[in-house]
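Enquirer: Sharing a structure, written as structure tokens. Questions coming.
Since every read-out is calculated from the coordinates, none of them should be taken as a lab result. This one's a predicted model, so the numbers in the text were calculated from it and none came from an experiment. Here the Cβ positions follow ideal geometry from the backbone for every residue, glycine too, while neighbour counts run over all protein chains shown.
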């Protein structure tokens, strides 16, 4: 009998709590707190992704500046060798100096043109260095041949594209944000430069 009274007493208290306006405020506040917590964590994950992308852009800009100075650094050789891509990857790892350094990937593309009045490709090269599976999803350099200007000497200037790919940072909600398409798996940045 005491058990039945206790059960009824508990039910009455729960019912009174649910009908009490002060109790509903607590329940609403709990839902709002959970929503704001998830929103805050998602914003932090997105902020970390933006910081990683910014760092990748700075590193890739430095790599592109090295390739751009071909006359000084590579004795005027227009066509890059495979050792240059390995050197660029080593430089990128040195500049990154964090957990992404071991899994970054560098891709170097170069296009040189025939000596003619129209823009005709003479040689196209693409080489990658870094992690074994290079997932650079930047557009190919051959899609941007119109960026090559005609020099005063009447020749088309060679083009170079340096692309850097690093894994996106992992966070509390990053897997959910990746599934919804808000954040990609990898961060890829690319620069197209002319030789000086």
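Enquirer: Mind putting together the pair-distance distribution for the stretch 45-196? All Cα pairs, 10 Å bins, whole percent per bin, short to long.
Expert: Each 10 Å bin holds this share of Cα pairs: 11, 38, 30, 15, 5, 1.
Enquirer: Here is a follow-up. With a cut-off of 8 Å between alpha carbons and a minimum separation of six or more residues, what is the relative contact order of the chain in percent?
Expert: 25 percent
Enquirer: Please work out the Cα convex hull volume for the stretch 28-78 and give it in Å³ per residue.
Expert: 45 Å³
Enquirer: Using only Cα atoms and rounding to the nearest 10 degrees, what angle (0 to 90) does helix 21-68 make with the longest principal axis of the chain?
Expert: So the helix axis and the longest Cα principal axis differ by about 10 degrees.
Enquirer: Taking Cα atoms, how many degrees apart are the long axis of helix 2-19 and the longest axis of the chain, rounded to 10 and kept between 0 and 90?
Expert: Helix 2-19 and the main axis of the chain meet at about 50 degrees.
Enquirer: Using 0.36 nm per residue of separation minus the Cα-Cα distance, give me the extension gain between residue 142 and residue 179 in nm, one decimal.
Expert: Values: separation 37, 0.36 × 37 = 13.32 nm, distance 3.15 nm.
Extra length from residue 142 to residue 179 when fully extended: 10.2 nm.
Enquirer: Sort 61-70, 41-50 for me by packing, meaning the mean count of neighbouring Cβ atoms within 10 Å per residue, highest on top. Please list the in-between numbers first.
Expert: Working: 61-70: 17.7, 41-50: 15.6.
Most protected by this proxy first, the peptides run 61-70, 41-50.
Enquirer: How do the peptides 110-118, 27-35, 123-131, 150-158 rank, highest first, by the average count of neighbouring beta carbon atoms within 10 Å per residue?
Expert: Numbers: 110-118: 15.0, 27-35: 10.0, 123-131: 17.4, 150-158: 12.8.
Sorting 110-118, 27-35, 123-131, 150-158 by mean packing, highest first, produces 123-131, 110-118, 150-158, 27-35.
Enquirer: In vacuum, with every alpha carbon of the stretch 67-116 counted as one equal point scatterer, what does the Debye formula give for log10 I(q)/I(0) at q = 0.13, 0.14 Å⁻¹? Two decimals, please.
Expert: Debye output, listed in q order: -0.39, -0.45.
Enquirer: Let me ask you something else. Taking 0.36 nm per residue of sequence separation and subtracting the Cα-Cα distance, how much length would be gained by fully extending the chain between residue 36 and residue 157, in nm to one decimal?
Expert: Stretched out fully, the residue 36 to residue 157 stretch lengthens by 38.2 nm.
Enquirer: Separate question: I'd like the distance separating the alpha-carbon centroids of the stretch 39-68 and the stretch 73-144, in whole Å.
Expert: Their Cα centres are 19 Å away from one another.
Enquirer: Assuming 1.567 mPa s and 4 °C, estimate D for the stretch 78-163 with Stokes-Einstein, Rh taken as the Kirkwood radius over Cα pairs, in µm²/s. Could the numbers behind the result be given before it?
Expert: Details: Rh = 14.1 Å.
Approximately 92 µm²/s, per Stokes-Einstein.
Enquirer: Helix-only mean residue ellipticity at 222 nm, the chain, DSSP H runs n ≥ 4 weighted -39,500 (n - 2.57), per residue, nearest 500. What is it?
Expert: Roughly -15500 deg cm²/dmol at 222 nm, from the helical runs in the chain.
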